[in-house]
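A.B. asks: The structure is given below, and queries will be raised subsequently.
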Amino acid sequence: MKTRQDLILATLKLLQADGGIGQSPAPENVQDIDGIIDGKLEELNDREIYGANDPNEFEDKFINPLATILANEAAPTFGQPRNEASNLAAESTLRQLRNSTYVRGSVLPVEYF
């Protein structure tokens, strides 16, 4: 399992804003990416592309396509153009990786007595 921080670092690496080898990324860059994660995950869930049960933990197989989508969303902030082709490819990958038995709304919260 990967954490939210791992997703942020993977996204910054794609944007070439990860600080370089042996360096930490700038805190404002981390905040920029962290600020778009929840909204983008909600959008992907609404569009039935990817349903995250926990926005702080991700299976390893989802990190690269999610990082690509987040990097595409944040690209203008980092002075880069958006790449719609890579975004569509990442969304397609997420659809293929999704569990075939996934039914939107099938995960119900547990109520403890």
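Every number here is computed from the coordinates shown, using simple stated rules; none is lab data. If you're wondering where the values come from, they're calculated on a predicted model, not measured in any experiment. Note: ideal-geometry Cβ built from the backbone for every residue, glycine included; neighbour counts use all protein chains shown.
A.B. asks: If one takes the longest principal axis of the Cα atoms in the chain, at what angle in degrees, from 0 to 90 and to the nearest 10, does the Cα axis of helix 4-14 lie?
C.D. replies: Rounded to the nearest ten degrees, it is 40.
A.B. asks: Further question: Using the scaling law 2.2 N^0.38 Å as the reference, what is the normalised Cα Rg of the range 2-97?
C.D. replies: Working: Rg = 12.6 Å, N = 96, 2.2 N^0.38 = 12.5 Å.
Output field value: 1.01.
A.B. asks: Hey, another quick one. So, with +1 on the Cβ of K and R and -1 on the Cβ of D and E, and no other charges, what is the size of the charge dipole of the range 2-97 about its Cα centre, to the nearest 20 debye?
C.D. replies: On the way: 8 positive and 17 negative charges, 66 e Å.
Roughly 320 debye for the range 2-97.
A.B. asks: Rounding to the nearest 10 and keeping the result within 0 to 90°, find how far the Cα-based axis of helix 60-74 lies from the longest principal axis of the chain.
C.D. replies: The two axes meet at around 60 degrees.
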